[in-house]
Amino acid sequence: MKQLKVMGLALLLFWGYSSAASADTVGQIKPPSSVKEVVAKFSEPKEMVANELVVKFKEGVTEKQREALLRPFRAAELSFMDIGNFSLIKAPKGMDLKGLAAKLVKLPEIESVEPNYIIERNYTPSDPGYSKQWHLKKINAPKAWDTTKGAGQITVAVVDNGVQTNHPDLAGKIVSPYNVVTGTRSVPAGEHGTHVAGIIAASINKKGVTGVAPNVKIMPVNVFEGEGATSYDVAYGIVYATDQGANVINLSLGAYAATNYEAAAVQYAASKGAVLVAAAGNDDTYLPSYPAAFEPVIAVSATDGDDFITDFSNYGDYIDLAAPGVNIYSTFPGSSYYGLHGTSMAAPIVSGTAALVLSKNPLLTRGEVENILRKSTVDRGSKGWDVFYGYGRIDAYKAVRNTPSPLSSLSAAGTFTMKGNNRTSFSLSAYKKGLKVTAYVKDDKGYVVRTIVKNKLWNSTQISLSWDGKRDNGAFAAGGTYTVAVQVSNGRETVTKTKQIKVIDNVVPSIQLSSSTISFSPKAKGKVSIPFTLNKKAKVTAQLYDSKNKLVKTIWSSKSLSGGKYTIVWDGKNASGKLLSDGTYRLKMSAVDDKKRKAAARTQPVVIDTKVSFGGVTLGQTLFKMDGTAKASFRMNLKEAAFVSAYVKTEKGAVTKQLLRNQKYKSGSYTVSWDGKDSKNTLVSEGNYYYTVEIVDQCGNKLTVHTAKFKLEDWRKPSIQAPADLDYVEQGTFDIPYTLSKAGKVTIEIYQGSSLVRTVLSGSQQGPGSKKATWDGKDQTGQYLADGQYEVRMNVIDARGQQASAASRLHVDLTNIAGPKVVWFYEESGSEIHFRLSAPATVTAEIFNEAGEKVRTIWTDQPLNGGTQVVTWDGLNDNGENVFYDDGSVYTFRIAARFANGATETAEGEINNHADPSWLVSHTYSFAWDSAGYRTALNLSIRVNEAMTATLSVYDAYDDTYVDEKTYSLKANIENKITYLKTNKYEDYYYLLEYKDRFGNVYYYGLDETEEDDSVASYRLQKANGLKRSAR
């Protein structure tokens, strides 16, 4: 038990810290996530790479986002580990790493920042040839080899400084080498790594030395560049070894600093079932070394020839096992051999022992292997576990002896006499339940003929199965020699047991045909396929007979077939190649096997049908009076089941609408109706139409039928719609709108009381839809109508004499002035008041203060033309003194117009910088955000009570640089939803929204992203600051 790690877990629970790794793994490693913690971490007196750090990003941050976040710091990502979202970051040369880390950890996308520590190898050279391989006898390896020398399916990863892959004692056992430093498969011939690899797996070949597990494979993973490695590269190497399927990972290296990312890599390996073994270190200290001190890792101390702890070995609460570590003789680069000592040598002895355990039983879990190793020791030091030896010095023979065999031998009968209704059984037992089982049968050529069960979770130690003699295709296997195989897997490794059995074939052949009649049309489909099943290998005869039992064709005669599913293909012709007439025929099939055993004859009815059986189609009516509710129809008589498509067509053959699309019907009479609408759901025009009916029967025969033509007349009642009120306020032409439901002759007249003033349209033929009648504003004598109220009467008569009417009130006001209710005063331009005159007039414009006192006369009897005009007030009174201050004061403008007919009209409104224009009901905004917390779009919701335009101008919020501009048309009395997508979500924008009303008056509202409170979901837009607006 690692007592220190239990303390770490307690602290973890007290702190409430959570992580993707388990509490056991990182209980003592709280990732630095605050500026204070990061500064403390980078201030520790531990060796770390000068210009590198490791950043843990939050889930969902993409590669492009990481690049954008690092760009302002001139930092770059060198590598990325998916597990935990860790990035190795390179900083510019000479940059203060502590300061950079403190800045990075403030970013919302970053969870923590840690140093990239320098890792050391844990060994010391000794004289060559001294006490060669004494360690093998010490751990009883030769006795263990009587049971297993290791299996080729077991791989030990050596995460180190490289291995001489062509060393005579290592050649042929190297798999998946990788160089983390260069990202290639070429690894250097490191002295340390070559020595470690030989301790684990040097071959028994009479050439040099022997490893603890001489028959297992080695996966070299180099993490060193020169004499040093980094904790990030070690973590990356662990992940690589895990993903490549390493069963054991040896880590003869370490440092006295724990990192969150190395802990995550260790936990990932453990979660995949890898056994991790690491050296404790050579500094005679109780300080924990990493990765050895991580909970899932077996930490190994070093002993000497007398089974005492060495004077250099580290010790402490994290030690699990001890192993020989003095003068260990093993492979060395240059195809040589050398003796070294250190915990680096002790760790691979434990790794080799773990490989022997897994070789005997590859189905063991990581936890089961660790328990076996703990029980397979020579107890040293204090009784039981202690800080120097852990659970004791490893003994390979005990470990192999304590390892249960994965499976018993496969029990099965040697002979299976197959009768067609019996089975043969086979069974074995597993060392535990909960494993996945696959069982199959192979023939004498090694082909799998039957899979009995595949990857089935077996909740018992006893595995019992049986085989009925059939192949996967359902046919019986031929007599001969077969192999029954049972594979048992833990999801990572597999163990297979086999047994040969002799199969004796006593099965009578049989044929199975469909019980239903098969119909086909040689003219429509050419051929018919008739399925059947043969239960075993036999010679098959297939013949066709007519209704008089006369043979018309032999398709097969004693055709040799293996058992399985087949089809017989027939083209409907006799032996002479002549197409047979419609009718029912009989397929007769027989079979005989190589022992002259005959199958019972089987027959199958086959019907040749080349014609659609159809009783005709009749019209429901020859005249269709379409009134919007009535329906036209036709009736069809089907004498067999069929698929039907039906169309309505014009007399020129153009398709108006498809009524049926491959609709399936049984035999019988059916009525199909039509509502007079086309494919766009619009009522059609008058004219002649007909139906086309397409029938396809079950055999594929096709028949197309056309009905007689029928006449369609539009009998809908006409309607004319018009606005309730019309305003004629400016001399010139005027459009009178109306809408017709159907074509007809339209009359439009203008009345004053009962007197006809003007006929605008008289019996004018118009089509359906929205229309406009243009009127010049004058009466029958050519004079403009006098101001007052009139009535526009409208009438329509259709081709059937049906008519409808509508009326609108017409308000004539040709002597008027219209203007805004509110305008704003701008410091740089004053107050511009845009207004409209209905006709030429003399105009007086005046400004009044809050007390109602006139302060300025801008115009007196100024002659102006009809149309839009503008008057400007600069804020001065008649004496040239400034009287307007933006302090909440409200001024009033009054514009009086005297027209040629003597009428006087007045427009009045406020000059008020604190009031919205009268037509603005509401306008709010909100932002859309991405998962990383960046604004991606501005959403506007605007309601106005008159139509107008709005222009959105976009600027950089910091330097006022122009970015973009969009103009939108706003509709009256609805919620206008506008979304502006930002061109760069990483930049802050200033938005200027300009409204322009129907007279031309302009109102500005502004929005600055740098001043936003991100906690509020939606805001009302505010009037634009004058300086901001003018600057832009």
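The values are calculated or read from the model by the stated rules, or taken from the named source; none is laboratory data. Everything quoted here is computed from the prediction, not taken from an experiment. Using ideal geometry, Cβ is built from the backbone for each residue, glycine included, and neighbour counts are taken over all protein chains shown.
Any residue at all in region 192-212 that is under 24 Å from L88 (Cβ atoms), assigned by TED's automatic domain parsing to the domain that holds A346, under 33 Å from the mean Cα position of the chain (by Cα) and in contact (Cβ under 8 Å) with a residue 12 or more places away in the chain? Checked against the condition, which is being under 24 Å from L88 (Cβ atoms), assigned by TED's automatic domain parsing to the domain that holds A346, under 33 Å from the mean Cα position of the chain (by Cα) and in contact (Cβ under 8 Å) with a residue 12 or more places away in the chain, region 192-212 yields no hits at all. Scanning region 270-295 for residues that are under 28 Å from V113 (Cβ atoms) and either of a type in the set (F, W, Y) or in contact with a Leu (Cβ under 6 Å, 6 or more places away or on another chain) (or both) yields A278, Y290, P291, F294.
Kindly indicate the residue of region 478-520 that is part of a loop (DSSP other than H, G, I, E, B) and in contact with a Gly (Cβ under 6 Å, 6 or more places away or on another chain) and also nearest to N247 (Cα to Cα) among those meeting that condition.
Of everything passing the filter in region 478-520, R492 is nearest to N247 (Cα to Cα).
Is it true that D916 is more than 30 Å from A786 (Cα to Cα) and surrounded by fewer than 18 Cβ atoms within 10 Å (Cβ to Cβ)? It is false that D916 is more than 30 Å from A786 (Cα to Cα) and surrounded by fewer than 18 Cβ atoms within 10 Å (Cβ to Cβ). Output the residues belonging to region 433-455 that are out of contact with any Leu (no Cβ under 7 Å at 6 or more places or on another chain) and surrounded by 14 or more Cβ atoms within 10 Å (Cβ to Cβ). Listed by number, the residues that qualify are V437, T438, Y440, V441, K442, D443, V449, R450. Examine region 642-650 for a residue that is surrounded by fewer than 20 Cβ atoms within 10 Å (Cβ to Cβ), modelled with pLDDT under 95 and more than 14 Å from S673 (Cα to Cα), and state whether such a residue exists. Looking through region 642-650, none of the residues is surrounded by fewer than 20 Cβ atoms within 10 Å (Cβ to Cβ), modelled with pLDDT under 95 and more than 14 Å from S673 (Cα to Cα). The residue of region 424-444 that is farthest from the chain's Cα centre (by Cα), among those that are of a type in the set (D, E, K, R) and closer than 13 Å to V484 by Cα, is D444. Residues in region 940-995 that are of a type in the set (F, W, Y) and either closer than 14 Å to H923 by Cβ or surrounded by 15 or more Cβ atoms within 10 Å (Cβ to Cβ) (or both): Y955, Y968, Y980, Y989, Y990, Y991, Y995. Based on what the data block shows, is G732 out of contact with any strand residue (DSSP E or B) (no Cβ under 9 Å at 6 or more places or on another chain) and farther than 21 Å from M636 by Cβ? Considered against the rule, which asks whether it is out of contact with any strand residue (DSSP E or B) (no Cβ under 9 Å at 6 or more places or on another chain) and farther than 21 Å from M636 by Cβ, G732 comes out as yes. The criterion of at least 3 residues that are surrounded by fewer than 21 Cβ atoms within 10 Å (Cβ to Cβ) is met, among helices (runs of 4 or more DSSP H) falling completely within region 310-414, by 366-375. Considering the conditions (1) surrounded by 16 or more Cβ atoms within 10 Å (Cβ to Cβ); (2) of a type outside the set (V, I, T); (3) under 30 Å from N535 (Cβ atoms), K595 is excluded by exactly one of them, (1). Going through K649, K625, K611 one at a time, which residue ends up being free of Cβ contacts under 8 Å to residues at least 60 places away in the same chain and of a type in the set (D, E, K, R)? After ruling out the rest, the residue left standing is K649. For V843, the criteria (1) assigned to a strand (DSSP E or B); (2) of a type outside the set (G, A, S); (3) under 60 Å from the mean Cα position of the chain (by Cα) hold in every case but one, which is (3).
Being of a type in the set (D, E, K, R) and not in a loop (DSSP other than H, G, I, E, B) is the filter; apply it to region 852-872 and report the residue that is surrounded by the most Cβ atoms within 10 Å (Cβ to Cβ). Residue satisfying both the conditions and the ranking: R856. Every test in (1) in contact (Cβ under 8 Å) with a residue 40 or more places away in the chain; (2) within 60 Å of the chain's Cα centre (by Cα) is passed by K771 save one, and that test is (1). Checking each residue in region 563-598 for being within 56 Å of the chain's Cα centre (by Cα) and either on the phi > 0 side of the Ramachandran plot or in a loop (DSSP other than H, G, I, E, B) (or both) picks out G563, G564, D571, G572.
Considering region 186-224, the residues that are hydrophobic (A, V, I, L, M, F, W, C) and farther than 21 Å from A355 by Cα include one that is surrounded by the fewest Cβ atoms within 10 Å (Cβ to Cβ), namely A189.
Enumerate the strands (runs of 3 or more DSSP E) found wholly within region 663-775, keeping only those where 1 or more residues are touching a Pro at 6+ places or on another chain (Cβ under 9 Å) and within 27 Å of V812 (Cβ to Cβ). It comes to 725-728, 734-740, 769-775. The number of residues in region 670-692 that are more than 17 Å from M626 (Cα to Cα) and surrounded by 12 or more Cβ atoms within 10 Å (Cβ to Cβ) comes to 2. Limited to region 873-891, what total is found for residues that are surrounded by 12 or more Cβ atoms within 10 Å (Cβ to Cβ) and either outside any loop (DSSP other than H, G, I, E, B) or not assigned by TED's automatic domain parsing to the domain that holds R856 (or both)? Qualifying residue count for the region: 3.
Kindly evaluate S529 against the criterion of being free of Cβ contacts under 8 Å to residues at least 12 places away in the same chain, outside the structural domain of Y440 (by TED's automatic domain parsing) and either surrounded by fewer than 14 Cβ atoms within 10 Å (Cβ to Cβ) or part of a strand (DSSP E or B) (or both).
no
The residues of region 616-632 that are surrounded by fewer than 17 Cβ atoms within 10 Å (Cβ to Cβ) and more than 50 Å from the chain's Cα centre (by Cα), listed by number, are G616, T618, L619, Q621, T622, L623, K625, D627, A630. Filtering region 71-116 to residues that are part of a loop (DSSP other than H, G, I, E, B), over 16 Å from Y261 (Cβ atoms) and over 25 Å from the mean Cα position of the chain (by Cα) leaves R74, A75, A91, P92, K93, G94, M95, D96, K106, L107. Scanning region 523-565 for residues that are within 30 Å of N701 (Cβ to Cβ) and in contact with a Lys or Arg (Cβ under 6 Å, 6 or more places away or on another chain) yields T533, Q543, L544, Y545. A Cβ distance below 6 Å, combined with a sequence gap of six or more or placement on separate chains, defines the contacts here; from region 810-833, residues that are at negative phi and free of Cβ contacts under 8 Å to residues at least 60 places away in the same chain reach no residue that is assigned to a loop (DSSP other than H, G, I, E, B) and crowded, with 16+ Cβ neighbours inside 10 Å.
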